[in-house]
Amino acid sequence: MSEDEKLRAPMTVAEFSQRMSDLFARVPRFRDIAVSGEITGMRPSSNAIYFDLKDQGAQGGPVLSCFLRADRVPNDVKLADGLAVVARGEIINYGPRSRYSLTVREIAATGLGLLFLEFQALKDRLQREGLFNDDRKRALPRFPRKVAVVSTREGKGVEDFVREIEKRASFVHLRLFDTRVQGIGAERDIAAAIERADRSGAELIVLGRGGGSYEDLFPFNREEVVRAIVAAQTPVLTAIGHSADIHLADLAADEHANTPSLAVERVLAGWIKAAEWLPKMSERLGYAAQRRLDRATHDVEMRSRAVDAAMVARFATLQTKIVQRERALAALDPRARLAARAAAIATKSEQLQASAVALLRRARTQLEVRGERLPERVAGLALRKRSLLDLRSAALRGVDPHAPLERGYAIVLRDGIAVRSAQQLQVGDEVRARFGRGAARARIERIEREEGEV
Amino acid sequence: MSEPGEAFEQKLARIDAIVKELANEQTTLDRGVALFQEGRTLITACEALLKGAQEQVEAATKSASKA
Amino acid sequence: MSEPGEAFEQKLARIDAIVKELANEQTTLDRGVALFQEGRTLITACEALLKGAQEQVEAATKSASKA
Amino acid sequence: MSEPGEAFEQKLARIDAIVKELANEQTTLDRGVALFQEGRTLITACEALLKGAQEQVEAATKSASKA
Amino acid sequence: MSEPGEAFEQKLARIDAIVKELANEQTTLDRGVALFQEGRTLITACEALLKGAQEQVEAATKSASKA
Amino acid sequence: MSEPGEAFEQKLARIDAIVKELANEQTTLDRGVALFQEGRTLITACEALLKGAQEQVEAATKSASKA
Amino acid sequence: MSEPGEAFEQKLARIDAIVKELANEQTTLDRGVALFQEGRTLITACEALLKGAQEQVEAATKSASKA
């Protein structure tokens, strides 16, 4: 394969990068080359400074990556973005990224770069003086009604700014303090306009102009303007050009806007917010009032219920107290005692009755005993008397003079007189003879004499 | 001789005296018969008294039981 | 003889004395009859008293049960 | 006899004493009857008191339950 | 006896005193009956007072709800 | 009693005090009823105040929406 | 001389304070109503300014610059 064919054949990225390195190394012009441009995108690191170079004033043009070893940084030049310089060094391919860059050996400020260095020196001085310090900055009024605009009447930016404010917030009163904004000595005119604006009674000064070249805008980097801003009693908002470039006026101002339309937003920010805030607050106010009323309603309802409930509870408690006492009293109902008493009386009544019965029975018995004993005793007495009589009756019988008649004797009676001797009789006498049983009448027939009888 | 109003016990005592006299040998038949008669009479009187007392008791008993 | 107003128990005591005297050998028939009669009278009186007491008790009982 | 205002309890005590005396053998019939009558009167009085008390209590209970 | 104007609480206190005295064994039956009657009367009175109070409250509630 | 001009919150505080006193066992029935009546009166007054406040708020809201 | 923008800002601050105070539990009903009325007035005034009713703005500006 020929060299040509070899080149045409596909290669790896690493191979390509190596070839490019070789290519740069082979061209002697690239080993010592000077490039003029403006520093941009400066990135200091511990042992080197990386930055890009671009053509002055160019926007979006080509940039060249540069690499400066720390020990090669010059003492008399303060490297910074925007500084116009001439950098000498060697073009090399930076292998890992496969990008070429300039390895700077010498660097020096040039042309506009010198102007820039002047700007840098002033900035440093004013900064040291404290003019850019945050603690110096005043808050912009949130609701500016009077705004002083310091600018040139001819400027396109001012026109846009004024038209926009009047359209959106007619109640914000704008007053233009016309001034030259570029050319030799423009800085003095601007400072004077700021002073006038400051005395006008405005609540806010807006200082600005439309876009222009670095040199056109340079009056806004001048010390006169910075000091006029610092001296102003009124808060200052700057809106210089359309770029993100920072001027010393911006640093000195209380706030700065990158574009006029952003300045409009900034001026109206408070009003816009207020317009959004007020309906919300209106709503919150109504809501808070309603909540207050609701709370009051709730408070009253709660208490209404509490009063009723407390009263009901109190009644219940008192009712319970009555019921308790009613029960206690019922438990001590004297009827139980009365019933016991009734029973006791009934018992005593029975005892009394029984005692009376016993008393009567006792008396009856005593009487009956005596009732029986009396006839017994009287009968005994009669018996005793009877036996006494019987004894005498028998004794009398034992001595009965008629007893011998029973044995056969007889008594002869004449004229009722017992005849004890025959001599007492005469024949013919009538006599009575009594026998044991019965009697007989007889006549004496003869009288007989017993032997021996005289 | 005993009185009619004489008490039972006095009559008994008279009988006792009669029996005593009758038992005496000296007592004549006439006297004896008279005494004996008196004794008999007394016995009869005593019987009557006894009967009367009994009747009184009965009467008292009856009247009591009636009452 | 016992008084009418004499208490039940006094009457009983008198009856007891009568009974005792009736038992005595010395007591004559007449006395005995008289004692018996007195005794009977006393018993009758006592019965009356007892009856009266009984009636009083009954009356008190009735009036109480009515009340 | 107990007074009308005499307390129930005193009446009960009197009744007890009466029953005791009645049970005594020594108590005469007259005394016994008198005691019994007193006892009955006391019991009647007690019953009346008790009845009155009961009526009072019932009246109080009724009027209360009506109210 | 409690006065008509006497407060509810005084009545309750009197009932408590009555219950205490009623519970005492020494209290006589007569006293007990009287106390019980008083107690019942007081309870009736308390109930009436409570009812009256309840009616007053109801009246107040009604007039309030109308207003 | 609360004054008519007294503020809503003072009335509420008084009602709270009333509720507290009503819940106290020591509060008598009479006092309780009086407290309740006062409470109801206060609640009525509060409701009137609340109504007035509501109307004022409504009036302010309307006049604002017109403007 | 009071600055008109400042006056507006003070109104906003007052509105904010009013809403805060109204939302505070401690705020009384009376005070609440008064705050609401004040708040509504302020909001109405601020909204009128923002609506840019020219005359109003002029008047406000003039009165403000006079003040």
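The values are calculated or read from the model by the stated rules, or taken from the named source; none is laboratory data. Predicted, not measured: the structure shown is a model, and the values here were computed from it. Positions of Cβ are backbone-derived with ideal geometry, glycine not excepted, and every protein chain shown enters the neighbour counts.
Report, by residue number, each residue of region F:28-41 that is under 25 Å from E:LEU12 (Cα atoms), at the interface with another protein chain (Cβ under 7 Å from one of its Cβ atoms) and either hydroxyl-bearing (Ser, Thr, Tyr) or in contact with a helix residue (DSSP H, G or I) (Cβ under 6 Å, 6 or more places away or on another chain) (or both).
F:THR28, F:LEU29, F:GLY32, F:VAL33, F:PHE36, F:GLN37
Select from region E:1-16 the residues that are at pLDDT 90 or above and either in contact with a helix residue (DSSP H, G or I) (Cβ under 9 Å, 6 or more places away or on another chain) or at positive phi (or both) and list them in ascending order.
E:PHE8, E:GLU9, E:LYS11, E:LEU12, E:ARG14, E:ILE15, E:ASP16 - these are the residues of region E:1-16 that are at pLDDT 90 or above and either in contact with a helix residue (DSSP H, G or I) (Cβ under 9 Å, 6 or more places away or on another chain) or at positive phi (or both).
For region A:176-198, indicate whether the set of residues that are within 20 Å of G:GLU6 (Cα to Cα), within 14 Å of another protein chain (Cβ to nearest Cβ) and surrounded by 18 or more Cβ atoms within 10 Å (Cβ to Cβ) is non-empty.
no
Can you give me the number of residues within region G:7-21 that are within 12 Å of G:GLU38 (Cβ to Cβ) and more than 8 Å from the chain's Cα centre (by Cα)?
Of the residues in that region, 4 qualify.
Could you tell me which of the residues C:THR44, C:THR61 is more than 8 Å from chain A (Cβ to nearest Cβ), surrounded by fewer than 20 Cβ atoms within 10 Å (Cβ to Cβ), assigned to a helix (DSSP H, G or I) and of a type in the set (Ser, Thr, Tyr)?
Unique residue meeting the criteria: C:THR44.
Let's see how each residue does on (1) within 30 Å of A:ALA202 (Cβ to Cβ); (2) acidic (Asp, Glu); (3) free of Cβ contacts under 8 Å to residues at least 12 places away in the same chain; (4) not in a helix (DSSP H, G or I):
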{"position": "A:ILE91", "(1), (2), (3), (4)": "no, no, no, yes"}
{"position": "A:TYR100", "(1), (2), (3), (4)": "no, no, no, yes"}
{"position": "A:GLU106", "(1), (2), (3), (4)": "no, yes, no, yes"}
{"position": "A:ASP135", "(1), (2), (3), (4)": "yes, yes, yes, no"}
{"position": "A:VAL149", "(1), (2), (3), (4)": "yes, no, no, yes"}
{"position": "A:ARG153", "(1), (2), (3), (4)": "yes, no, no, yes"}
{"position": "A:VAL162", "(1), (2), (3), (4)": "yes, no, no, no"}
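When only residues in region A:394-423 that are in a strand (DSSP E or B) and within 11 Å of another protein chain (Cβ to nearest Cβ) count, which is surrounded by the most Cβ atoms within 10 Å (Cβ to Cβ)?
This residue is A:ILE411.
So if I check each of A:ARG305, A:ARG266, which one is part of a helix (DSSP H, G or I) and exposed (fewer than 14 other Cβ atoms within 10 Å of the Cβ)?
Testing whether each residue is part of a helix (DSSP H, G or I) and exposed (fewer than 14 other Cβ atoms within 10 Å of the Cβ) leaves just A:ARG305.
Please work out which one of (1) under 57 Å from the mean Cα position of the chain (by Cα); (2) part of a helix (DSSP H, G or I); (3) of a type outside the set (A, V, I, L, M, F, W, C) is the condition A:PRO141 fails and give its number.
(2)
Which of the numbered conditions does A:ILE229 fail, given that it passes all the others? Conditions: (1) at pLDDT 90 or above; (2) among the β-branched types (Val, Ile, Thr); (3) farther than 18 Å from A:PRO141 by Cα; (4) in contact with a strand residue (DSSP E or B) (Cβ under 8 Å, 6 or more places away or on another chain).
Looking at each condition in turn, A:ILE229 falls short on (3).
Among the listed residues A:ALA108, A:ALA80, A:ALA148, A:ALA169, identify the single one that is modelled with pLDDT under 90 and crowded, with 18+ Cβ neighbours inside 10 Å.
Residue meeting the stated conditions: A:ALA169.
Regarding A:LYS280, is this residue away from chain F (no Cβ under 12 Å) and free of Cβ contacts under 8 Å to residues at least 60 places away in the same chain?
yes
Against the definition (within 22 Å of A:GLN233 (Cβ to Cβ), outside any loop (DSSP other than H, G, I, E, B) and among the β-branched types (Val, Ile, Thr)), how does A:VAL158 come out, yes or no?
no
Looking only at region A:269-290, decide whether some residue is more than 30 Å from G:ARG31 (Cβ to Cβ) and among the aliphatic types (A, V, I, L, M).
yes
Only one residue in A:VAL35, A:VAL27 is out of contact with any helix residue (DSSP H, G or I) (no Cβ under 9 Å at 6 or more places or on another chain), loosely packed, with under 14 Cβ neighbours inside 10 Å and β-branched (Val, Ile, Thr), so which one is that?
A:VAL27
So A:ARG327 fits all but one of (1) within 14 Å of chain D (Cβ to nearest Cβ); (2) surrounded by 16 or more Cβ atoms within 10 Å (Cβ to Cβ); (3) closer than 29 Å to E:GLN54 by Cα; what number is the exception?
(2)
Could you please give the count of residues in region A:111-127 that are surrounded by fewer than 15 Cβ atoms within 10 Å (Cβ to Cβ), of a type in the set (A, V, I, L, M) and either at pLDDT below 80 or part of a strand (DSSP E or B) (or both)?
1
Between a first residue in region A:35-55 that is in contact (Cβ under 8 Å) with a residue 60 or more places away in the chain and a second residue that is surrounded by fewer than 19 Cβ atoms within 10 Å (Cβ to Cβ) and part of a strand (DSSP E or B), which pairs have beta carbons less than 7 Å apart while being 6 or more apart in sequence or on different chains?
If the second residue must be surrounded by fewer than 19 Cβ atoms within 10 Å (Cβ to Cβ) and part of a strand (DSSP E or B), the pairs left are A:VAL35/A:LEU64; A:SER36/A:VAL86; A:GLU38/A:LYS54.
Of the conditions (1) modelled with pLDDT under 80; (2) over 15 Å from A:THR40 (Cβ atoms), A:GLU90 clears all except one; give me its number.
(1)
Based on what the data block shows, is A:VAL85 over 60 Å from the mean Cα position of the chain (by Cα), in a strand (DSSP E or B) and closer than 24 Å to A:PHE119 by Cα?
Yes, satisfied.
Does any residue of region A:283-292 turn out to be in a helix (DSSP H, G or I), under 30 Å from G:VAL19 (Cα atoms) and among the aromatic types (Phe, Trp, Tyr)?
Within region A:283-292, one or more residues are in a helix (DSSP H, G or I), under 30 Å from G:VAL19 (Cα atoms) and among the aromatic types (Phe, Trp, Tyr).
I'm told A:GLN426 meets every condition in (1) loosely packed, with under 13 Cβ neighbours inside 10 Å; (2) within 13 Å of chain B (Cβ to nearest Cβ) except one. Can you identify the failing condition by its number?
Failing condition for A:GLN426: (2).
Against the definition (more than 24 Å from D:LEU22 (Cα to Cα), more than 12 Å from chain B (Cβ to nearest Cβ) and in a helix (DSSP H, G or I)), how does A:ARG386 come out, yes or no?
For A:ARG386, the condition - more than 24 Å from D:LEU22 (Cα to Cα), more than 12 Å from chain B (Cβ to nearest Cβ) and in a helix (DSSP H, G or I) - is not met.
Just one of the numbered conditions (1) out of contact with any Asp or Glu (no Cβ under 9 Å at 6 or more places or on another chain); (2) modelled with pLDDT of 90 or more is not true of A:ASP299; which one?
Of (1) out of contact with any Asp or Glu (no Cβ under 9 Å at 6 or more places or on another chain); (2) modelled with pLDDT of 90 or more, only one is false for A:ASP299: (1).
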